[in-house]
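First up is the structure itself, then whatever we jot down about it.
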Amino acid sequence: MNGRARVSVPASSGNLGAGFDVFGLAIDLRDEYEFEPDTRDAIEPLGKYLKHVPRDPRRNLAFRAFRSLAPVTAGPFKLSATREIPPQGGLGGSASAIVGGLVAANHAFGLGLDNDELLHRANEIEGHPDNVAAALLGGLVLTVQTDESLHAVRVPFPSDIGIVVVVPGYHVPTARARAVLPVDVSRSDAVANLGRAAMFVAALQTGRYAKLRVATQDFLHQPYRAELNPALVPGVRAALDAGAYGAALSGSGPTLIALAPKNHTMRVAGAMADVAIESSSGCETYVANAAETGATAIEPAAST
């Protein structure tokens, strides 16, 4: 135990259509957080999206999460934060930061906390479990929260499915995306989503990927968020027409995600990008895999 730690954490996509606030999928786009003792608290932003790393330790989620577990006797720390996860919304950037800080503290101070305890603490900070669970555990994670506890089950994601992520140029604040959702939903919509969520998991586990076209449909959040996300409806249609198994809004948007055969991913990415460009000032497009490994402490920590 030397108070140093370096942690790699994947991006994540929540909901995946019908799994509203339940499904979280880790994606192999990764941020990195390195903590080491220093003479004062400081943050060094690095990576493609370094401008989106808060330099104030009181505002930086990774630093705050790290401090929440650090012993009261711990001195100042420097955080080197490498931001590679697109920050516009829908890929779990905040979840990555929170999980990165917690896992780093657990490793640096030899706290011995297990994943259940780390997930509980991450959920308290983030306010919902889907993204933090995927970032921590990797793969496809299903979460259920009761009054007493939080339950998470990790499901291996098929290695022969590629992931396409398209980030439109517009921004959708999470609070606004939550505000447009109705307080009550009809029984028919609830049943429709329940069936599709169950079918999503069954399709992945049985290799019947064609069923994902239906299983990624949603009636609880996407119809209401479509007005905030002009690329959503045409982007999903373009992905399916280009050969994707299924497509959906990633989290609350504006990012879109498609699941596709690996030999179709570039075609799907191009079709979705064309739509996103028409709907906004531009877009960023990524072709990736599911991240089977969640948050990982890297040994040894880099020397400076």
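The values are calculated or read from the model by the stated rules, or taken from the named source; none is laboratory data. Keep in mind that this is a model prediction, so the values were computed, not measured. So basically every Cβ, Gly included, is an ideal-geometry build from the backbone, and we count neighbours across all protein chains shown. With ligands, DNA and RNA removed, areas are computed over all heavy atoms of the protein, side chains included. Shrake-Rupley method; radii C 1.70, N 1.55, O 1.52, S 1.80 Å.
Filter region 271-295 for residues that are modelled with pLDDT of 95 or more and in contact with a strand residue (DSSP E or B) (Cβ under 7 Å, 6 or more places away or on another chain) and give the result. Once the filter is applied, which keeps residues that are modelled with pLDDT of 95 or more and in contact with a strand residue (DSSP E or B) (Cβ under 7 Å, 6 or more places away or on another chain), region 271-295 yields Met272, Ala273, Thr285, Tyr286, Val287, Ala288, Asn289, Ala290, Ala291, Gly294, Ala295. Looking at the structure I just gave you, is Pro173 farther than 21 Å from Phe20 by Cβ and open to solvent by 10 Å² or more (accessible area, probe 1.4 Å)? Judged against the criteria, Pro173 is not a match. Among residues of region 221-237 that are touching a residue at least 60 places away in the same chain (Cβ under 8 Å) and buried (at least 23 other Cβ atoms within 10 Å of the Cβ), those with a Cβ under 8 angstrom from a residue that is in a loop (DSSP other than H, G, I, E, B) and among the hydrophobic types (A, V, I, L, M, F, W, C), sequence gap 6+ or separate chain, pair up as His221/Leu181; Asn229/Val172.
Every residue, every condition in (1) more than 19 Å from the chain's Cα centre (by Cα); (2) not charged (D, E, K, R), yes or no:
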| site | (1), (2) |
| --- | --- |
| Leu137 | no, yes |
| Leu140 | no, yes |
| Thr146 | yes, yes |
| Ile163 | no, yes |
| Asp189 | yes, no |
| Leu212 | yes, yes |
| Arg225 | no, no |
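Scan region 69-114 for residues that are among the polar types (S, T, N, Q) and buried (at least 17 other Cβ atoms within 10 Å of the Cβ) and jot them down. Selection gives Ser80, Thr82, Gln88, Ser94, Ser96, Asn106. Among residues of region 238-251 being under 23 Å from Val141 (Cα atoms) and among the aliphatic types (A, V, I, L, M), the one that is surrounded by the most Cβ atoms within 10 Å (Cβ to Cβ) is Leu249.
Just checking, which of Gly89, Gly101 is over 30 Å from Leu220 (Cβ atoms) and out of contact with any strand residue (DSSP E or B) (no Cβ under 6 Å at 6 or more places or on another chain)? Walk me through it before giving the result.
Values: Gly89 fails: over 30 Å from Leu220 (Cβ atoms).
Being over 30 Å from Leu220 (Cβ atoms) and out of contact with any strand residue (DSSP E or B) (no Cβ under 6 Å at 6 or more places or on another chain) holds for just one of Gly89, Gly101, which is Gly101.
Set side by side, the residues Ala97, Ala81, Ala74 differ, and just one is in a helix (DSSP H, G or I) and either modelled with pLDDT under 95 or aliphatic (A, V, I, L, M) (or both), which is Ala97. Say whether the condition of being closer than 24 Å to Ala81 by Cβ, outside any helix (DSSP H, G or I), among the hydrophobic types (A, V, I, L, M, F, W, C) and in contact (Cβ under 8 Å) with a residue 60 or more places away in the chain is met by at least one residue in region 269-289. Checked region 269-289: at least one residue is closer than 24 Å to Ala81 by Cβ, outside any helix (DSSP H, G or I), among the hydrophobic types (A, V, I, L, M, F, W, C) and in contact (Cβ under 8 Å) with a residue 60 or more places away in the chain. Condition (residue is within 20 Å of Phe157 (Cβ to Cβ), open to solvent by 60 Å² or more (accessible area, probe 1.4 Å) and part of a strand (DSSP E or B)) applied to region 31-46: is it met by at least one residue? No, the conditions are met nowhere in region 31-46.
Scanning for something open to solvent by less than 10 Å² (accessible area, probe 1.4 Å) and over 16 Å from Pro158 (Cβ atoms), does region 281-288 turn up at least one residue? No, the conditions are met nowhere in region 281-288. For region 51-68, the tally of residues that are exposed (fewer than 14 other Cβ atoms within 10 Å of the Cβ) and not in a loop (DSSP other than H, G, I, E, B) stands at 1. Need the failing condition index for Val22 against (1) more than 30 Å from Lys211 (Cβ to Cβ); (2) at pLDDT 95 or above; (3) among the β-branched types (Val, Ile, Thr), just the number. Every condition holds for Val22 apart from (1). Looking only at residues of region 176-198 that are crowded, with 19+ Cβ neighbours inside 10 Å and touching a helix residue (DSSP H, G or I) at 6+ places or on another chain (Cβ under 7 Å), we find that the one that is modelled with the lowest pLDDT is Ala177.
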